[in-house]
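Participant: Structure in structure tokens, see below.
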Amino acid sequence: MNLFESFRLAFNGLRANKMRSFLTMLGVIIGVGAVIALVSVGTGASQEVTTQVEALGSNLVIVMPASARGRDLRVEDAATIEERVAGVAHAVPTLRESATVIWTGRSIDTDVVGTTEFLPEVQSHPVAQGRFLSGQDVLYRRFVAVLGATARNNLFGLRDPMGQEIYISGYPFTVIGVMAEKGEGGLFTPDPDDRVLIPVTTAQRLLGTNKIGSIYVSVNQGANADLVTNHIQRIFEVRFGDADAVQVFSQQQILAAVGSVTGILTMLLGAIAGISLLVGGIGIMNIMLVSVTERTREIGVRKAVGARSRDILAQFLVESVIISLVGGAIGIALGMLGSAAISRLGNVPSVVSLSWVAIAFGFAAAVGVFFGIYPAMQASRLDPIQALRHD
Amino acid sequence: MKPLLELTGVSKFYGEAGLAVPALRGVDLRVGAGELLSIMGPSGSGKSTLMNIIGCLDRPTTGTYLIEGRDVSTLSGDELAAIRNRKVGFVFQTFNLLNRSTAQENVELPLIYRGLSLGQRRRQAREALEVVGMGHRLTHRPAQLSGGEQQRVAIARAIAGDPSLILADEPTGNLDTRTGEEIMAIFQRVNAELGVTVVQVTHDPHRGRQTRRIVLIRDGRIVEDGPLPDGEFLAAAPEPAPAGGGAQ
Ligand SMILES: Nc1ncnc2c1ncn2[C@@H]1O[C@H](COP(=O)(O)OP(=O)(O)OP(=O)(O)O)[C@@H](O)[C@H]1O
Ligand SMILES: [Mg+2]
């Protein structure tokens, strides 16, 4: 008997008990669907984080106070880094604070970031209209502001913001420019488009402080970011007498850390979904064992008329493989739909990776064979005389 | 000429070696091609055990068994399956049709395991069903057929593969007298016209006299074996075409 006949017999067997076959298949459908959906969302999230971190600017090193034992940074620290560390192009201090910004009765809540004239360069974020802050603006603590694209839209709509007077925490600022739209996220890092940029010195006066939040350092083309990172680390170690007072990391380090976290997350989601696929496999085995018992007499008849053990084995094994393959295919389709739905409803990105589709499908097939082989062996080993007597 | 079946000193023991119960003890039996014979004997005497061995569903514990001169007592399970498939047709007391399959599909069953194409299987199955007068019931399922009709389908299944031997263990045991008569007529006709050897087991002396030889078995031994005396053979009542209004 050939494989085609085995498939025909198996299909007839499954058709005879449609509801049961479908419910058994459902276990596989849910398992495979869950693998695809969860892993797609996990993969999408990790790609999203990667793009966002990359969007911070290439060759970037970030300096910020450690969360515990943290010591305050100052504007002079940025100057020190720029002067003393070889390979550094610019070191830009930033001071971030959320604030209400008002223009002629309209108000928005956004981030106000104090910085210097080199931010567009360090963060690879150019100006679209007007000009950026200048060294003079910073030196003289001018009340001028550059709007991020989102902040500009929210506050001004279709109107032209250039030269308009806006109020930040009650102080009047003149709008001198608008940033280009960067368009990258805001889900895992602060949205670079939803902010208002003002001179760092002005920001310090507004907040009544002389510290800053963090320092963005751009490394020259060809310079080694790790060496720069180490050098900056040492400067602060000497200054504070504490190696852990300040955190310094390069973009590569952030990417690696984020990548390993999201990678683990994706594996974890995949494993949870894989367990449900395993449970689906146990369902297959359970139903196939019941089916073999119910069809003992049929097996006896088939053997009496000349079916060999391997013909019976093939018939039942193909049944369980069909359940798992058809279930796997439907599961993939539903998993893709599901991941699209999750990403739309939850506003998170999702990426269906072909390799995971292949893994899930292969795993489903393996589940079908693994959990189908035992019942099929039981069937093939039945003694025809006993089987014919069975009722 | 070689006999079709040749059993020499065949014994069958059931159970563990120590507590073995003998179901057959030293059976010698020769059956020629084209014979029509009955095996009779009290309940538990070993008739079904003997039929299982003859049909290659079981192996003798000791002794040799040749089919067409070939020793089958040492064959593997797959080789026995191949012999059952090509040489033997079984008819059971309880019909043993597959309930989910149509009459035609049931008759096709042995041909599937012979690797015949679908078209050829269909054709042979239809022809076999026509031989037993069931050509008009191809797509009926067993539940839609009367007992007699089911047994006809089972006989069609047994002859579809053109076997040398049909084994029928109490084929009329579950049927009323008139229907049993029709079934016996089919066996007689298949034996006479197709030349197939038919071996049946029966408790009924009347059914015994509808075959040409009777083997009497008691406590696992053959105690009598001989041709029916001339003039005692009974032709079964001529089979009417199954009533159009059989179980629907
Ligand atoms: N699988 C088995 N295991 C143990 N003993 C068995 C088995 N099959 C049959 N026997 C025994 O072998 C003996 C012969 O059984 P068998 O079925 O051949 O009798 P039979 O002549 O067909 O009887 P009946 O007319 O009632 O069908 C009986 O004593 C029975 O109990
Ligand atoms: Mg019996």
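The values are calculated or read from the model by the stated rules, or taken from the named source; none is laboratory data. Worth saying up front: this structure is predicted, and the values here are computed from it rather than measured. Please note: Cβ atoms are built from the backbone with ideal geometry, for glycine as well, and neighbour counts cover all protein chains shown. Keep in mind that these areas ignore ligands, DNA and RNA; they rest on the heavy atoms of the full protein, side chains included. Shrake-Rupley method; radii C 1.70, N 1.55, O 1.52, S 1.80 Å.
Participant: Pulled fully out, how much extra length does the chain show between A:ILE359 and A:ALA180, if you take 0.36 nm times their separation in residues and subtract their Cα-Cα distance?
Facilitator: Full extension from A:ILE359 to A:ALA180 adds 60.3 nm.
Participant: Relative to the first principal axis of the alpha-carbon coordinates of chain B, what is the inclination of helix B:147-160, with its axis defined by its Cα atoms, in degrees from 0 to 90 and to the nearest 10?
Facilitator: That helix lies at roughly 70 degrees to the long axis.
Participant: Compute the angle between helix B:103-112 and the longest alpha-carbon principal axis of chain B, please, reported from 0 to 90 degrees and rounded to the nearest 10.
Facilitator: Orientation of helix B:103-112: about 50 degrees from the principal axis.
Participant: Let me ask another. With a cut-off of at most 13 other beta carbons within 10 Å, and DSSP calling the residue loop, which trypsin sites (Lys or Arg not before Pro) in segment A:42-101 qualify? Please list them.
Facilitator: Filter output for segment A:42-101: A:ARG69.
Participant: For segment A:67-244, what does the alpha-carbon gyration tensor say about shape, rounded, prolate or oblate, given a ≥ b ≥ c as the root eigenvalues, a/c under 1.5 as rounded, and a/b over b/c as prolate?
Facilitator: It is prolate, given that a/c is not under 1.5 and a/b is the larger ratio.
Participant: Using only the Cα atoms, work out Rg/Rh for chain A, with Rh taken as the Kirkwood radius, to two decimals.
Facilitator: Here Rg/Rh amounts to 1.26.
Participant: Another question, then. Taking a ≥ b ≥ c as the square roots of the eigenvalues of the Cα gyration tensor of segment B:125-207, is the shape rounded (a/c under 1.5), prolate (a/b larger than b/c) or oblate?
Facilitator: oblate
Participant: Here is a follow-up. Please compute the average number of Cβ atoms from other chains found within 10 Å of each residue's Cβ in peptide B:89-102.
Facilitator: The mean count of partner-chain Cβ atoms within 10 Å per residue comes to 3.
Participant: Nearest 10 degrees, 0 to 90: what angle lies between the long axis of helix A:3-15 and the longest principal axis of chain A (Cα atoms)?
Facilitator: Here the helix axis deviates by roughly 80 degrees.
Participant: A further question follows. May I ask you to list the trypsin sites (Lys or Arg not before Pro) in segment A:127-159 that are in a DSSP loop and have at most 16 other Cβ atoms within 10 Å of their Cβ?
Facilitator: A:ARG131, A:ARG141, A:ARG159
Participant: Determine the gain in length on full extension of the stretch A:GLN247-A:ARG74; use 0.36 nm per residue of separation and subtract their C-alpha separation, reporting nm with one decimal. Spell out each step's value before the answer.
Facilitator: Numbers: separation 173, 0.36 × 173 = 62.28 nm, distance 1.45 nm.
Here the segment from A:GLN247 to A:ARG74 would lengthen by 60.8 nm.
Participant: What does the C-alpha gyration tensor say about the overall shape of segment B:3-227? Classify as rounded when a/c is under 1.5, otherwise prolate if a/b is larger than b/c, or oblate.
Facilitator: Prolate.
Participant: What trypsin sites (Lys or Arg not before Pro) does segment A:307-375 have in DSSP loop regions with at most 10 other beta carbons within 10 Å?
Facilitator: none
Participant: How large is log10 of I(q)/I(0) for segment A:1-133 at q = 0.10, 0.16, 0.17 Å⁻¹ when the intensity is taken from the Debye formula with one equal scatterer per alpha-carbon?
Facilitator: So the normalised log intensities work out to -0.62, -1.10, -1.15.
Participant: Taking B:LYS2 as the anchor, which lysines have their alpha carbon closer than 22 Å to its alpha carbon, excluding any fewer than eight residues away along the same chain?
Facilitator: B:LYS87
Participant: What is the average number of partner chain Cβ atoms found within 10 Å of a Cβ in A:305-317?
Facilitator: Working: counts 19, 17, 7, 10, 4, 2, 4, 1, 0, 0, 0, 0, 0.
Partner-chain Cβ atoms within 10 Å, mean over residues of A:305-317: 5.
Participant: Output the relative contact order of segment A:67-244, whole-number percent, from Cα pairs under 8 angstrom with separation of 6+ residues.
Facilitator: Values: 340 pairs, mean separation 55.5, N = 178.
Computed over segment A:67-244, the figure is 31 percent.
Participant: For segment A:258-345, report the accessible area per residue in Å² (1.4 Å probe, heavy atoms, rounded to an integer).
Facilitator: 42 Å²
Participant: Counting helices only, and only those DSSP H runs with n ≥ 4, report the 222 nm mean residue ellipticity of chain A as the sum of -39,500 (n - 2.57) divided by its residues, in deg cm²/dmol to the nearest 500.
Facilitator: Rounded to the nearest 500, the figure is -19500 deg cm²/dmol.
Participant: Same structure, new question: How high is the relative contact order of segment B:3-227, in percent, with contacts defined as C-alpha pairs under 8 Å that are six or more residues apart?
Facilitator: Relative contact order for segment B:3-227 comes out at 29 percent.
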